[in-house]
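In what follows, a single structure is set out as structure tokens and then discussed.
The values are calculated or read from the model by the stated rules, or taken from the named source; none is laboratory data. Predicted model, so just to flag it, every value in this text is computed and none were measured. Glycine gets a Cβ as well: all are built from the backbone with ideal geometry, and neighbour counts include every protein chain shown. Protein only, heavy atoms only, side chains kept; ligands, DNA and RNA dropped before computing areas. Shrake-Rupley method; radii C 1.70, N 1.55, O 1.52, S 1.80 Å.
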Amino acid sequence: MASEEHEIQKRIQVALSQHKCSVFRTNVGKVQTIDHRWFDTGLPQGFPDLMGFRWVDNQIFFIEVKSKTGKPGPDQIRFHEFLQSHNVIHGLARSEKDALMIVDGGLQGYGFN
């Protein structure tokens, strides 16, 4: 993840945590361990950067974080379509404001359109 996106992600995590939500960073991919074995995170390609739930109703949400000019990749678009088909709260956030709109509004697919 680009440095700018990482900073946005951290700010979003703080904002959502202060907004009566629990939020978790997700990591997708494989890394090689020090003893040269491969470790797979187990999450599918395209899984959003953040997932969490609202304390008010325990409704789960997913947020893909992008910079001002960042664009979702094909795997991220497929995951968006999957979440959309199940009416799951999710969206693409470029700021804390975007993330709060997604979570508070119960939006499906904000920012992907």
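β-branched (Val, Ile, Thr) and either touching a residue at least 60 places away in the same chain (Cβ under 8 Å) or closer than 19 Å to residue 105 by Cβ (or both) - does that describe any residue in region 30-38? No, the conditions are met nowhere in region 30-38.
Looking only at region 2-29, which residues are touching a Phe, Trp or Tyr at 6+ places or on another chain (Cβ under 6 Å) and either modelled with pLDDT of 85 or more or over 27 Å from residue 86 (Cβ atoms) (or both)? Within region 2-29, 20, 22, 26 qualify. Can you find even one residue in region 78-86 that is closer than 19 Å to residue 18 by Cβ, at pLDDT 95 or above, open to solvent by less than 30 Å² (accessible area, probe 1.4 Å) and more than 10 Å from the chain's Cα centre (by Cα)? No, that holds for no residue.
The set of residues in region 30-58 being touching a Phe, Trp or Tyr at 6+ places or on another chain (Cβ under 8 Å) and closer than 20 Å to residue 96 by Cα consists of 47, 48, 50, 51, 52, 53, 54. Summed over region 1-20, the residues that are surrounded by 15 or more Cβ atoms within 10 Å (Cβ to Cβ) and either touching a Pro at 6+ places or on another chain (Cβ under 6 Å) or over 22 Å from residue 72 (Cβ atoms) (or both) give a count of 1.
Across region 60-73, what is the number of residues that are touching a Lys or Arg at 6+ places or on another chain (Cβ under 7 Å) and open to solvent by 70 Å² or more (accessible area, probe 1.4 Å)? Total meeting the criteria: 1. Within region 29-59, the set of residues being under 21 Å from residue 13 (Cβ atoms) and surrounded by 12 or more Cβ atoms within 10 Å (Cβ to Cβ) comprises 41, 43, 46, 47, 48, 49, 50, 51, 52, 53, 54, 59. Do the conditions hold for residue 91, that is, is it free of Cβ contacts under 8 Å to residues at least 40 places away in the same chain and either among the polar types (S, T, N, Q) or out of contact with any Ser or Thr (no Cβ under 6 Å at 6 or more places or on another chain) (or both)? Taking the combined requirement at face value, the residue satisfies it.
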